[in-house]
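Colleague: Starting off with a structure, shown below.
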Amino acid sequence: MGFVQAFKYYKEDWAKNRVWLFVIFYGYTMYRPEIMDCTRYVVNLINLYNNPLSWDVFVANFYSDDSDTVDIYQPLITFLLSRITKDGNILFAVFGFVYGYFFSRNIWLVLELAKGAKVDRKFWIIIISFICVLGFWNLNGVRMFTAAHVFFYGAFQYLVNNKKREFLL
């Protein structure tokens, strides 16, 4: 209900943070079927917790001949969390923290475009479509979908809001 209520009161300061908190909660409680990448991430977390690697070995594994790692974000978060927990719920809550931040901010970037304009049914259809393209339920494929939201956020800020330093994102 909090997620839906955030859109009802989308002009309030707290609304986007409620969406952010919902995505964190979703990440913590989400179902992770065995055929999805998310299960592999949790197994990797448990293995790193039970058999800790040194930082040097971890970094050396990134681009070695024996490794198929092409991503830094997911392995780094998993490695750092493996130092304190083996709980997959916490891992996905942290993924939800990052994903939810950019997810909620991207929605509100689009909503802010409508300031002063008529907000009607067509506008809400566009917002709902935007939410569905890269929805929070895609958290199981955390690498690609988080990257897509970070890219959109940076590109929007750079191209629409003319914030030059966001080009790095």
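The values are calculated or read from the model by the stated rules, or taken from the named source; none is laboratory data. From a predicted model like this one, the values you see are computed outputs, not experimental measurements. For neighbour counting, all protein chains shown are included, and Cβ atoms are generated from backbone atoms with ideal geometry for every residue, glycine included. For accessibility, only protein heavy atoms count, side chains too; no ligands or nucleic acids. Shrake-Rupley method; radii C 1.70, N 1.55, O 1.52, S 1.80 Å.
Colleague: Show the residue pairs meeting these rules: Cβ distance below 6 Å; 6+ apart or different chains; first residue within the stretch 20-46 and farther than 13 Å from Asn138 by Cβ; second residue in a helix (DSSP H, G or I) and open to solvent by 60 Å² or more (accessible area, probe 1.4 Å).
Modeller: Trp20/Tyr101; Ile24/Phe97
Colleague: Hey, another quick one. Hey, can you tell me all the residues within the stretch 149-169 that are under 18 Å from Tyr73 (Cα atoms), out of contact with any Lys or Arg (no Cβ under 8 Å at 6 or more places or on another chain) and in contact (Cβ under 8 Å) with a residue 24 or more places away in the chain? Outline the logic, then answer.
Modeller: The initial filter retains those residues of the stretch 149-169 that are under 18 Å from Tyr73 (Cα atoms), namely 149-154, 168-169.
Filter once more, keeping what is out of contact with any Lys or Arg (no Cβ under 8 Å at 6 or more places or on another chain): 149-152, 154, 168-169.
His149, Val150, Phe152 - these are the residues of the stretch 149-169 that are under 18 Å from Tyr73 (Cα atoms), out of contact with any Lys or Arg (no Cβ under 8 Å at 6 or more places or on another chain) and in contact (Cβ under 8 Å) with a residue 24 or more places away in the chain.
Colleague: Go through the stretch 22-41 and count every residue that is in a helix (DSSP H, G or I) and either touching a strand residue (DSSP E or B) at 6+ places or on another chain (Cβ under 7 Å) or buried (at least 18 other Cβ atoms within 10 Å of the Cβ) (or both).
Modeller: Residues in the stretch 22-41 being in a helix (DSSP H, G or I) and either touching a strand residue (DSSP E or B) at 6+ places or on another chain (Cβ under 7 Å) or buried (at least 18 other Cβ atoms within 10 Å of the Cβ) (or both): 8 in total.
Colleague: Would you check if Phe103 is in a helix (DSSP H, G or I), open to solvent by less than 90 Å² (accessible area, probe 1.4 Å) and in contact with a Cys (Cβ under 9 Å, 6 or more places away or on another chain)?
Modeller: On the way: in a helix (DSSP H, G or I): yes; open to solvent by less than 90 Å² (accessible area, probe 1.4 Å): yes; in contact with a Cys (Cβ under 9 Å, 6 or more places away or on another chain): no.
No, not satisfied.
Colleague: Further question on the same structure: So, in the stretch 115-160, how many residues would count as being in contact with a Phe, Trp or Tyr (Cβ under 6 Å, 6 or more places away or on another chain) and part of a loop (DSSP other than H, G, I, E, B)?
Modeller: Total meeting the criteria: 1.
Colleague: Continuing with this model, one more query. Residue check: is Asp65 at pLDDT below 90, acidic (Asp, Glu) and open to solvent by less than 60 Å² (accessible area, probe 1.4 Å)?
Modeller: On the way: at pLDDT below 90: yes; acidic (Asp, Glu): yes; open to solvent by less than 60 Å² (accessible area, probe 1.4 Å): no.
For Asp65, the condition - at pLDDT below 90, acidic (Asp, Glu) and open to solvent by less than 60 Å² (accessible area, probe 1.4 Å) - is not met.
Colleague: Restricting attention to the stretch 70-100, which residues are open to solvent by less than 10 Å² (accessible area, probe 1.4 Å), of a type in the set (Gly, Ala, Ser) and touching a residue at least 40 places away in the same chain (Cβ under 8 Å)?
Modeller: Initial filter on the stretch 70-100 (open to solvent by less than 10 Å² (accessible area, probe 1.4 Å)): 78-79, 82, 88, 91-92, 95-96, 99-100.
Of the ones still in play, those that are also of a type in the set (Gly, Ala, Ser) are 82, 88, 96, 100.
Within the stretch 70-100, Gly88, Gly96, Gly100 qualify.
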